[in-house]
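The structure under discussion appears below in the form of structure tokens.
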Amino acid sequence: MTESRTRATSWHEIVLATLKDNDVRLAVYVPDRVFTPLIEALHADPFFTTFAATREEEALGIISGAWMGGLRGAVLMQTSGFGTIPNALASLVVPCQIPALIFVSERGTLGEFNLGQALVYKTMRPVLNSLAVENITITRQDELAFTIDRSIKQAVATQAPVTFILSPLLTGGKVFEG
Amino acid sequence: MTAKSSAAIGAHNAKVMNRFELTKRLVAQLKRDEAVIGGIGNANFDLWAAGQRPQNFYMLGSMGLAIPIALGVAIAQPQRHVIALEGDGSLLMQLGCLATVAERAPKNLTIVVWDNGIYQITGSQPTASAAAADLVAIARGAGIANSAWAADEADFDRLASSALKGEGPSLIAARIDNKPAVATTDRDPVQIRERFMRGLGVRSGIRNQ
């Protein structure tokens, strides 16, 4: 474990440090309020190439190409964005055995105020399970570094994608503000 | 080559050419192990038919993602030129990627669009580009200033040669006829992906366990 990961105190610092430890240098995202501190930290760190895609499946295409070119990448999205990617998973990432690292900011549960989010949330795990895509829900900060670190290594070693679902229990989630 | 600057040529002035013929012309210009991403359907079938280079990636699904995949390769390997071959229907499905490419502005990326105005492989239904949409104008509007219609075969050769010099990103659009692809790609995604990675020098010999 690197010094930066030992020093990290918030969930987003741990995610960033763990990505760095595993030489994941590309981060492509579609914005999310809860992920904003992580996205801002990735932008601020020159180790990473960080930018927004216009759509989640586009982001998956970009990191798939980057992986084939020898560069490890992660995609960041919120639950509703997950609804746009099943085709890219089923017809590119899974059959080509690409170790895509997919981070989802979980919405639709534990206090969701938007029915649209709540319904997409219900489709997410069934879709991932039906494609046999590893998906890990992370609720505890003390398990975060271990879970992500080991799962990235497994994804690369077994040439399989992995989805990290970051629960509101970990991130605080997004709350209704009136 | 026409005397007219290609930048001034609109879609209506471009000659209707043949995709396989132009694909062969493009591949003939590749001398530095350039990577080529063949979009779903006829774009990758004709790429396959033009010669199975290990630096070719043939998309079997994920319609619309040839350009994003090419962008990813271009970011990973800035010293290698990368070309995306995409049909008009596929590009229309994922227009946002043009804005992403323009924002990233990789010098080593060229996009080639085959515009026959139809969803050829699904029954030749008309695309929006057949009636109204000008894909070069859209690309310029997205921020890819170096976008042009190929007036004819010689103009296509010239535009490709210029693009491959590495002052991209650039987009070349060609109006093409409705002839089907001349062959069909072998559909083995793992083999396609692994051969491509070896072709890009990412893999060598037996993988480390």
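Read-outs: derived from the displayed coordinates by stated rules, not from any lab. Computed from a predicted structure; not experimentally measured. With ideal geometry, Cβ positions are generated from the backbone for all residues, glycine too; neighbour counts draw on all protein chains shown.
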ask   = Summing Lys, Arg as +1 and Asp, Glu as -1, what charge do residues with Cβ under 11 Å from the Cβ of A:Asn114 carry, A:Asn114 excluded?
value = +1
Neighbourhood charge, 12 Å Cβ-Cβ cut-off, centred on B:Met93 and excluding it, Lys, Arg +1 and Asp, Glu -1 = -3
ask   = Size of the dipole of region A:3-171 about the Cα centre, Lys and Arg at +1 and Asp and Glu at -1 on the beta carbon, nothing else charged, in debye to 20?
value = 180
key: Gyration tensor verdict on region A:3-171 (Cα atoms; rounded if a/c is under 1.5, prolate if a/b is larger than b/c, oblate otherwise)   = rounded
Sum of -39500 (n - 2.57) over DSSP H runs of 4+, divided by residues of chain B (222 nm, nearest 500) = -10500 deg cm²/dmol
ask   = Mind ordering A:29-39, A:122-132 by average Cβ neighbours within 10 Å, highest first?
value = A:29-39, A:122-132
remark   = Partner shielding of B:141-151, taken as the mean number of other chain Cβ atoms within 10 Å, equals 0
query = Can you list the residues, at least 5 places off or on another chain, whose amide H is less than 5 Å from the amide H of B:Ile37, using H built in the peptide plane?
reply = B:Phe57, B:Ile83, B:Ala84, B:Leu85
remark   = With the 8 Å Cα cutoff and a minimum separation of six or more residues, chain B has a relative contact order in percent of 29
task = Give the cross-link partners of A:Lys122 among the lysines, using a straight C-alpha distance below 20 Å as the criterion and excluding same-chain residues fewer than 8 apart.
result = A:Lys174
request  = List every residue whose amide H lies under 5 Å from the amide H of A:Ala74, counting only residues 5 or more places away in sequence or on a different chain, with H placed 1.01 Å from N in the peptide plane.
outcome  = A:Leu26, A:Ala27, A:Val28
query = Taking the alpha-carbon centroid of each part, what is the distance from region A:82-146 to region B:149-209 in angstrom?
reply = 32
key: Within straight-line cross-link reach of B:Lys107, aspartates and glutamates at Cα separation under 14 Å, skipping those fewer than 8 residues along the same chain   = B:Glu34, B:Glu167
Over 18 Å between alpha carbons, listed pairs B:Lys31/B:Lys179; B:Lys15/B:Lys179; B:Lys31/B:Lys165 = B:Lys31/B:Lys179
key: Cβ neighbours within 10 Å from other chains - mean over B:34-45   = 1
ask   = Counting pairs of Cα atoms in chain B, how many percent are more than 23 Å apart?
value = 39
key: Net charge of Cβ neighbours under 14 Å - reference B:Asn108; Lys, Arg +1; Asp, Glu -1   = +2
task = Please state the charge dipole magnitude for the protein assembly as shown, taken about the Cα centre, from unit charges on C-beta atoms (+1 on K and R, -1 on D and E), reported in debye and rounded to the nearest 20.
result = 680
inquiry  = Looking at chain B as a GNM with Cα springs under 10 Å, which of B:Arg19, B:Arg80, B:Arg104 has the largest mean-square fluctuation?
reply    = B:Arg104
key: Cα extents of the protein assembly as shown along the three principal axes, largest first (Å)   = 67, 53, 37
task = From other protein chains only, count the Cβ atoms within 10 Å of every residue's Cβ in B:183-192, then give the mean.
result = 2
